[in-house]
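The values are calculated or read from the model by the stated rules, or taken from the named source; none is laboratory data. A quick note: this is a predicted structure, and the numbers were derived from the prediction, not measured. For neighbour counting, all protein chains shown are included, and Cβ atoms are generated from backbone atoms with ideal geometry for every residue, glycine included.
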Amino acid sequence: MIEITNIQKSFGDKEVLKGIDGQFYKGQANLIIGSSGTGKSVLLKNIVGLIKPNEGEVLYDGRNFTHGDNNLKTEVRREMGMLFQGSALFDSMTVQQNVMFPLNVLTKMSVEEKSERVNFCLQRVGLENAHKKMPSEISGGMKKRVGIARAIVNNPNYLFCDEPNSGLDPQTSITIDNLIKEITDEYEITTVVVTHDMNSVMEIGDHIMFLYKGHKLWEGDNESILHADVEELNNFVFANKMMRRIKSNM
Amino acid sequence: MRSLGKYIIFLGNLVVRRESFSTYLSLFFDECIKIGYNSIFIVTIVSSFMGAVTTIQTAYNLVSPLIPNYVISLVVRDMTVLELAPTIIAIVFAGKVGSNIAGELGTMRITEQIDALEVMGINANSYLVLPKVLASMVTYPMLVVLAGFLSIYGGYLTSVLTGVVTGTEYVYGIRFEFIPFNVTFALIKAFVFAFLVASISAFKGFYTSGGALEVGKSSTSAVTTSCIAILCADYALAKLLLG
């Protein structure tokens, strides 16, 4: 479980996060949702330690990540996997080398063990024939899948996904969402997904946190979100015609 | 001052939380090829012409019959060893390698590849930059030796082909009152310049933020700052070791 307490972050005079508390549960897809510019990605970067919060702390299964020493941070980070918005694959490496990278640097596995693990992960994300391809030769959806394979190759306890559906068509988006959900259930990991896609919310949202202008306004699951009594959340959830139709039929 | 402080912290981070030796070894050799081997062509062209032009211009200026012809090659030798090979080639090196390092790291930064390394628990400073700095410090002195040789040889070919100095006079001149310390001095300069170019360019690229435009600006800034640093270090080393 990941616990965040009073996370505050400012950039110059601009206060982006204004004291956010919350918990992200093990074995669940925890979603952080909100409109653009509400601080979702900044919160995620604070959680994974790419940005240091001005105030507050992040605990990973009781371990204080924010105020821990470098050894603790490295230890926790080696239990993380992250899928970035733009996939962040290494351009100069093939798909196979990208997925093998964490194993090469962080483990002492033999070449055979590493190849076996990489084959398994690529198979798990449905890319068994893409080993030798370069990132520039594959589609956006495939890049996301390679990103997921790289994120899970080291058996992480925590999986983070920053806008996993951005730039993807609806069908591929659902495939990626389902993959994230399946991996979360299969390996009992704590998954945190930043998204503003309502399809993802309805598809995989076990636990949802809604951010609005740097505040947490609501928390719940994908059933209760449709009945929430928060105006800002309703404006976000029912912004499109399809969701308004669902609401009118409820 | 803030940038200088940030640069010093950046250099400090190169040597903490390192990965295994074998990881760095393969990266180091890759960088040696990218930085050193791939610069041989441009260094060859620049240094050969540099020697040729220096020979012709020195001959043009030394018109007194009291000055023997071998002085031309003596001047070419000292100019090459003391200044042209280590410093002018360093400027070329900053243009080629510096912009490449800054562009590569800047692109990695804006496409979140550096963030990906950090999230994996890898010290991105050390993993990405240390092999580049070490490879630069190992290969650049070799390039300077090559440049010195080719510059003097370029001067020899020019003098023989144009007839401004005979081959025998040229060889006599380059051996006349040779001071071995000048070569040591050139190599010391090469080490310092290589470190400055690689570390400054990496620093500029590593802290790029924004998009493609900012990557371009980082590359330009890397070359400009490296050139200024080379010239300042050149003066400081000359004053310190020769003055």
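Looking for something farther than 27 Å from A:Asn165 by Cβ and either free of Cβ contacts under 8 Å to residues at least 12 places away in the same chain or within 14 Å of chain B (Cβ to nearest Cβ) (or both) - is there at least one such residue anywhere in the range A:122-139?
The answer is no; no qualifying residue exists.
All but one of (1) in contact with a strand residue (DSSP E or B) (Cβ under 7 Å, 6 or more places away or on another chain); (2) within 24 Å of A:Ile176 (Cα to Cα); (3) within 14 Å of chain B (Cβ to nearest Cβ) hold for A:Lys40; which doesn't?
So the condition that A:Lys40 fails would be (3).
Please determine, by comparing only the residues of the range B:185-243 that are surrounded by 24 or more Cβ atoms within 10 Å (Cβ to Cβ) and of a type in the set (Lys, Arg), which one is farthest from B:Thr111 (Cα to Cα).
Here the answer is B:Lys189.
Limited to the range A:40-52, what total is found for residues that are of a type outside the set (A, V, I, L, M, F, W, C) and buried (at least 23 other Cβ atoms within 10 Å of the Cβ)?
Qualifying residue count for the region: 2.
Going by the conditions given, is A:Ala228 at pLDDT below 90 and closer than 25 Å to A:Ile4 by Cα?
Yes.
May I ask you to list the residues in the range A:22-67 that are small (Gly, Ala, Ser) and in contact with a helix residue (DSSP H, G or I) (Cβ under 7 Å, 6 or more places away or on another chain)?
Scanning the range A:22-67 gives A:Gly27, A:Ala29, A:Gly34, A:Ser35, A:Gly49.
Failed condition for B:Val63, given (1) more than 18 Å from B:Phe195 (Cβ to Cβ); (2) in a helix (DSSP H, G or I); (3) aliphatic (A, V, I, L, M), with all others met?
Failing condition for B:Val63: (2).
I'd like to check something: does the range B:182-195 contain any residue that is more than 30 Å from B:Leu4 (Cα to Cα) and part of a helix (DSSP H, G or I)?
Within the range B:182-195, one or more residues are more than 30 Å from B:Leu4 (Cα to Cα) and part of a helix (DSSP H, G or I).
Only residues that are hydrophobic (A, V, I, L, M, F, W, C) and either in the same structural domain as A:Thr107 (by TED's automatic domain parsing) or assigned to a helix (DSSP H, G or I) (or both): list them for the range A:161-175, please.
A:Ile174
Can we say A:Asp185 is out of contact with any strand residue (DSSP E or B) (no Cβ under 6 Å at 6 or more places or on another chain) and within 20 Å of A:Tyr60 (Cα to Cα)?
So A:Asp185 passes the test.
Which of the helices (runs of 4 or more DSSP H) found entirely inside the range B:92-165 contain at least 2 residues meeting this: crowded, with 23+ Cβ neighbours inside 10 Å and within 11 Å of another protein chain (Cβ to nearest Cβ)?
The helices (runs of 4 or more DSSP H) meeting that bar are B:113-119.
Suppose we filter B:Ile56, B:Ile8, B:Ile72, B:Ile45 for residues that are closer than 16 Å to B:Tyr156 by Cα and exposed (fewer than 14 other Cβ atoms within 10 Å of the Cβ); which single one remains?
That would be B:Ile45, the only listed residue that is closer than 16 Å to B:Tyr156 by Cα and exposed (fewer than 14 other Cβ atoms within 10 Å of the Cβ).
Would you tally the residues in the range A:57-83 being of a type in the set (Gly, Ala, Ser) and more than 10 Å from chain B (Cβ to nearest Cβ)?
Final tally of qualifying residues: 2.
Against the conditions (1) surrounded by 20 or more Cβ atoms within 10 Å (Cβ to Cβ); (2) modelled with pLDDT of 95 or more, where does B:Cys32 fall short? Just the number, please.
(1)
Would you please list the contacts, defined by Cβ atoms under 8 Å and residues six or more apart or on different chains, that run from a residue in the range A:95-119 that is within 17 Å of B:Ile122 (Cβ to Cβ) and within 12 Å of another protein chain (Cβ to nearest Cβ) to a residue that is of a type in the set (Val, Ile, Thr) and surrounded by 14 or more Cβ atoms within 10 Å (Cβ to Cβ)?
A:Asn98/A:Val146; A:Pro102/A:Val153; A:Leu103/A:Val118; A:Leu103/A:Val153; A:Asn104/B:Thr23; A:Val105/B:Thr23; A:Val105/B:Ile122; A:Leu106/B:Ile122
For A:Gly86, all conditions in the list (1) under 22 Å from A:Gln123 (Cα atoms); (2) more than 10 Å from every other protein chain (Cβ to nearest Cβ) hold save one; what is the number of the exception?
All conditions are met except number (2).
For the range A:212-231, which residues satisfy the criterion of being without any contact (Cβ under 8 Å) to a residue 24 or more places away in the chain and within 23 Å of the chain's Cα centre (by Cα)?
Residues satisfying the conditions are A:Leu217, A:Trp218, A:Gly220, A:Asp221, A:Asn222, A:Glu223, A:Ser224.
Can you pull out every residue in the range A:140-157 that is surrounded by fewer than 24 Cβ atoms within 10 Å (Cβ to Cβ) and either modelled with pLDDT of 95 or more or within 12 Å of another protein chain (Cβ to nearest Cβ) (or both)?
Of everything in the range A:140-157, those that are surrounded by fewer than 24 Cβ atoms within 10 Å (Cβ to Cβ) and either modelled with pLDDT of 95 or more or within 12 Å of another protein chain (Cβ to nearest Cβ) (or both) turn out to be A:Lys143, A:Asn154, A:Pro156.
In this structure, is B:Leu14 within 14 Å of chain A (Cβ to nearest Cβ), touching a residue at least 24 places away in the same chain (Cβ under 8 Å) and surrounded by 17 or more Cβ atoms within 10 Å (Cβ to Cβ)?
no
Return the only residue of A:Leu43, A:Leu17 being among the aliphatic types (A, V, I, L, M) and not in a strand (DSSP E or B).
A:Leu43
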